[in-house]
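Engineer: One structure, as C-alpha cells, below. Some questions next.
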Amino acid sequence: MSSDVTLSSSMRQNLLSLQDTAELMARTQSRLASMKKVNSALDNPVNYFAAEGMTARVSDLNSLLDGISNGIQTIQAANEGITRIQGLVEAAKSAAQQALTVQNTASGSGATGAVVAAANGKSLLGTGTGAAADGTHDYSGTSAASIFSVTDNFGNTATVAIDRAHLGTSVKDITKVTSTEILTQINQQLSQAGGFATASLTNDGRLTFTSTVAGTDGKLTIGGGSAANTIDVGFGTGTITAVSATGIDATDGSGKATVTGAAVTALGTAGNFDLTSGDASITVQLGNGLMKTINLNKTADATLGSATLRAQDIANAINKQLNADTGISGKVFAAYDNTAGTVTLRTTAAGGDQKLTVTSAAASTKDIGFGTAGDATKARTGAGAGATAANGTNQRASLAETFNGLLTQITMAAKDARFPGVNLLYRSGSDPRENTLHLTFNETDSSFLDIKGVKFDAAGLGITQASGNFATNDEIKTTLSQLTNASTTLRGQASTFGSNLTVVQNRQTLTNNIANILKVGADKLTAANMNEEIANQKALEIRNSLGVSSLALASQAQQSLLQLLRG
C-alpha cells in the first residue's frame, strides 16, 4: 500500500503560489532591511560591481582627506610661527633703533677694504681706454681681449678674461660692449672664484676693485695680462704692471683675535718642511662653538705633497679650506712669516667677543707650530679687544645683549612652529627636501602639491648676532638692514603659504564633494525604492492571504467526502 499523500491539482497550485509569495516577501523584506535592491552580484552584476568600485574609491578619498587635513594644520602652524617671528623681528628692530639713538662716545672711523682703481684718465666710457665715441668697446675680433689677474692677501686669485667667448652669450652686440656689460662679466668671474673681491665703476667710469675683507688684512693686487691682452679696461694692455692696495683698520681701538704658532725652522727661509708623508692637520675654533678641522696632507691638498714647503704654502692651504667652508669663510684667515717660520691665524672681526683656539688635530704627526696629536701644550688661544672709548655708558652693550636674546627666541620659535610630521619653518641642513610637505590629492599620487619649507631661524633669515656690542653706528645700520630684509622675507613667505593653503583647502572641498558624488552614484545603482518595496510588501501580504483562502477552499471538497464517509 502506497504511503504517498495525494493532493489535488488545485491544492498543489495554491501551495506553489504560496511558496512564490513567500520568496517574494523574503526578498522584499531583505530590501526593506538593507534599503538596497542590489545586495550581491546575483541581484544585478553590472550595478553591483560598478557600485563596489565607486565605494572603494570613496574609501580611498576619505583616507586622502586625513592627509590633506593634516597638511592644512601644518601650513596654519607655519603661518602662526611666521606671525610670531615677525613680532620678534620687530622687537629686535626696536632694540637696534634704540641703540642707534644712544650717544656713542667713540671717535674714529670703521675699517675699510682694499680699493684698487684704474688710473685717472682711464675711463671705460671712453677717455684713456680707447672706447668708441658712444663709450662702447669692440670685442668681436678673435684677438680682442682684456685679461688680468686679481689676487688678495689670503691666497685667493682669479684670472679675469673679457673676450668674445665670455661675452658672446650675455651681451646684445659684441661690437658695442657697454661698460655695464663689462662690469657684469667681471663680477661674474670674481663670484665664481669665491667672491673675495667685487668690481664697480666710479662716477667718471673708472673700473674699481674692492676686497670683501675690511682692515689692513684686506689686500688686493691687479696684475698679470699677456700678449693676448689687447683692449685696455683701465690697467693697460699686454703684461700689466701690478697695482696693489691695502685696507684700513678701524680707529676706535678694537683688536682682532690672533694666534701665532711656535716657530718651525723647516717652515722658514730654508723651506724644507716635508709633507710627502705624514699629516699636519689642525683644528680651528671660533668662539665657543664653530669648529673646523683643516686637513693638511697631500691627500686633502695635492699642493702639499712636497718636501720643500714653507710657512706661506701651509697658510695658503689653510685659507683654501677656510674659504671653502661657508660657516667660517670670511671670519678667520691664516697669515705667515717665511723668515721666522711661523703660521698665524686671526679673525677678521674685532672686539672683545672674538676668540680663536687652534690645536693639533687627532691625525696630526707633523708640527707646524701647534703641536701634534695629543700634544696639548702647544695649543694656542687668542682673544680680541673691545673699543677703548666706545659706548662708555654700556647702554648699547645692554641693548646688544637684548638683541642677541631676541635672535635666540626667533630660532626657538621657528623650531617650535611645527605640526606632527613636517616643520615648514626649520630644517637642520640646507636641503629643502628635509622639510618639504608632500600632499597627495588622488589615489595614484599623480595629482599632488609639494610645499617647500624654509629655514627661518635667525641665521636662515640672514640676521647675525651683534658681535661688536653695537659700539659703532655702522654695525647697527647693518643690523637694521638685515632686519628689514628679514621682515620682507617673512611677509613674502606668509603670502606663499597663504596661496598654498587656498589650494589645499580647495582640493579638500573638491575631494569631499567627489566622495559624496561617488557615494550618491553607488546608492542610485543599488538603493531600493522604499515606496515601491512597501507597496510590494502590502500586495504580497494580500496575495498570501488570498493564497491561504484558496488553499482552504481547495480542501473543502475532501472535507465533504469525509462527511459522507462518516454518515
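Let's see how each residue does on (1) over 14 Å from residue 196 (Cα atoms); (2) surrounded by fewer than 19 Cβ atoms within 10 Å (Cβ to Cβ); (3) under 29 Å from the mean Cα position of the chain (by Cα):
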| residue | (1), (2), (3) |
| --- | --- |
| 330 | no, yes, yes |
| 343 | yes, no, no |
| 347 | yes, no, yes |
| 355 | yes, yes, no |
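Engineer: Give the residue that is most open to solvent (accessible area, probe 1.4 Å), with candidates limited to residues of segment 209-240 that are among the polar types (S, T, N, Q) and part of a strand (DSSP E or B).
Structural biologist: Looking at residues that are among the polar types (S, T, N, Q) and part of a strand (DSSP E or B), I get 239.
Engineer: Something else now. Determine if segment 303-323 includes at least one residue that is without any contact (Cβ under 8 Å) to a residue 40 or more places away in the chain, open to solvent by 20 Å² or more (accessible area, probe 1.4 Å), under 32 Å from the mean Cα position of the chain (by Cα) and within 16 Å of residue 153 (Cα to Cα).
Structural biologist: Within segment 303-323, one or more residues are without any contact (Cβ under 8 Å) to a residue 40 or more places away in the chain, open to solvent by 20 Å² or more (accessible area, probe 1.4 Å), under 32 Å from the mean Cα position of the chain (by Cα) and within 16 Å of residue 153 (Cα to Cα).
Engineer: Could you list, in sequence order, all residues of segment 246-279 that are part of a strand (DSSP E or B), open to solvent by less than 20 Å² (accessible area, probe 1.4 Å) and at pLDDT 90 or above?
Structural biologist: 259, 273 - these are the residues of segment 246-279 that are part of a strand (DSSP E or B), open to solvent by less than 20 Å² (accessible area, probe 1.4 Å) and at pLDDT 90 or above.
Engineer: Does at least one position in segment 462-469 carry a residue that is assigned to a loop (DSSP other than H, G, I, E, B), out of contact with any Pro (no Cβ under 8 Å at 6 or more places or on another chain), modelled with pLDDT of 90 or more and not polar (S, T, N, Q)?
Structural biologist: Yes.
Engineer: Go over the candidates 158, 199 one by one and state the one that is surrounded by 18 or more Cβ atoms within 10 Å (Cβ to Cβ), touching a Phe, Trp or Tyr at 6+ places or on another chain (Cβ under 7 Å) and in a strand (DSSP E or B).
Structural biologist: Of the residues listed, the single one that is surrounded by 18 or more Cβ atoms within 10 Å (Cβ to Cβ), touching a Phe, Trp or Tyr at 6+ places or on another chain (Cβ under 7 Å) and in a strand (DSSP E or B) is 199.
Engineer: Okay, moving on. Out of (1) without any contact (Cβ under 8 Å) to a residue 60 or more places away in the chain; (2) touching a strand residue (DSSP E or B) at 6+ places or on another chain (Cβ under 8 Å); (3) within 23 Å of residue 333 (Cβ to Cβ), the odd one out for residue 191 is which?
Structural biologist: (2)
Engineer: Need the failing condition index for residue 65 against (1) open to solvent by less than 40 Å² (accessible area, probe 1.4 Å); (2) modelled with pLDDT of 70 or more; (3) more than 56 Å from the chain's Cα centre (by Cα), just the number.
Structural biologist: (3) is the only condition that residue 65 fails.
Engineer: Scan segment 410-440 for residues that are surrounded by fewer than 16 Cβ atoms within 10 Å (Cβ to Cβ), within 21 Å of residue 327 (Cα to Cα) and polar (S, T, N, Q) and report the count.
Structural biologist: Selection size over segment 410-440: 2.
Engineer: Return the residue satisfying two criteria in turn: it lies in segment 280-299 and is of a type in the set (Ser, Thr, Tyr) and under 15 Å from residue 343 (Cβ atoms), and of such residues it is most open to solvent (accessible area, probe 1.4 Å).
Structural biologist: 283
The values are calculated or read from the model by the stated rules, or taken from the named source; none is laboratory data. What you see is a predicted model, and the numbers here were worked out from it, not measured in a lab. A quick note on method: Cβ atoms are made from the backbone with ideal geometry, for glycine too, and the neighbour counts reach across all protein chains shown. Surface areas here come from the heavy atoms of the whole protein model, side chains and all, with no ligands, DNA or RNA. Shrake-Rupley method; radii C 1.70, N 1.55, O 1.52, S 1.80 Å.
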